[in-house]
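What follows is one structure encoded as structure tokens, with my remarks underneath.
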Amino acid sequence: MNFFIGCAVWAYKGWVGELYPQGTRATEFLHLYSRRFTTVEGNTTFYAVPNQETVTRWANETPPGFEFCLKLPRDITHKGLLQPAIPDALAFLEQMRPLGKHLGPMFAQLPPSYSPALIDDLTSFLEAWPRTEAPLALEVRHRDWFIEPYQSNLTEILVKLGVGRVLLDSRPIYTGEDDPQLNSQRRKPKLPLQLSVTAPFSLIRFISHPTLSENQPFLEEWVQQIEQWLQRGTRIYFFVHCPFEERSPGTARYFQQLLEQNNVAVPPLPWNNLEHPPNQLSLW
């Protein structure tokens, strides 16, 4: 399976009654989520590292083919230099080993303060990661990474090491009418979208607008781009975020429909195969 789709989290109470049946308990969220989507970004590990008992339970609760794409903890990526944190990063990977085949590519999100001046530190960190055992992707947020020569330098390193590039698409929440309520929720940075693949896989983080119609032109672009990459054999992980998380599952499901309507070769969405699915999420 070369295409995976999901959201940033699975434990969201606001999805009860629509994505999840009425009366669903928090302990059932992951089981139900993994029968509706094929991957999850797993933002939870950015804030706290689960013990191996919890990780083993995650593996046992999810069906074959479901993958976790976990974010490296902020204590590793957001404390300054990366090289001193290499032992902690490797220890985190070991802690996640019980996921087995459920462990998809992990990713390191660097803060806006981490600039190209630290490229030697970044290279040392990426070289130390066992990339052939556990694929790794990188998300950069300092604006200089998106201009030359730093953009090309980073791409060269990622391609050489087989490290993926996280593609953050926050365009939808910075377009359209100025919405004071949305402005207060814009926590994702406004950065250029660089459409390049540096590894056999790609992680796409789509920051959707709460109003589905505002996302339409961007989703249509992604349909075409993903079709091209899938034809080349690239494995795609597509994650839908939203400042109002209630809307994320519905937008993800809608994007699956767009892919299918355009005859893109993607596997069926498990959510659509449920015998008695909950009511469809409101899309607007």
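All of the numbers you see were taken from the coordinates with simple rules; none came from a lab. Owing to the predicted nature of the structure, the values given are computational and were not obtained by experimental measurement. Because the Cβ atoms are built from the backbone with ideal geometry, glycine has one as well, and the counts that use them run over all protein chains shown.
The requirement of being in contact with a strand residue (DSSP E or B) (Cβ under 8 Å, 6 or more places away or on another chain), over 20 Å from E133 (Cβ atoms) and either of a type in the set (F, W, Y) or not in a loop (DSSP other than H, G, I, E, B) (or both) is fulfilled nowhere in the range 82-104; no residue meets it. Of all residues in the range 211-223, those that are touching a residue at least 12 places away in the same chain (Cβ under 8 Å) and either exposed (fewer than 14 other Cβ atoms within 10 Å of the Cβ) or under 18 Å from the mean Cα position of the chain (by Cα) (or both) total 7. Here the range 12-48 is the region considered, the condition is being assigned to a helix (DSSP H, G or I) and among the small types (G, A, S), and the residue that is surrounded by the most Cβ atoms within 10 Å (Cβ to Cβ) is G14.
Scanning the range 49-77 for residues that are touching a residue at least 12 places away in the same chain (Cβ under 8 Å), farther than 17 Å from V166 by Cα and either of a type outside the set (A, V, I, L, M, F, W, C) or not in a helix (DSSP H, G or I) (or both) yields V49, P50, N51, Q52, T56, E61, T62, P63, P64, G65, F66, D75.
Within the range 124-168, the set of residues being among the polar types (S, T, N, Q) and either crowded, with 18+ Cβ neighbours inside 10 Å or not in a helix (DSSP H, G or I) (or both) comprises just one member, T132. The set of residues in the range 126-177 being of a type in the set (A, V, I, L, M, F, W, C) and more than 17 Å from P192 (Cα to Cα) consists of L126, A128, W129, A134, L136, A137, I157, L158, V159, L161, V163.
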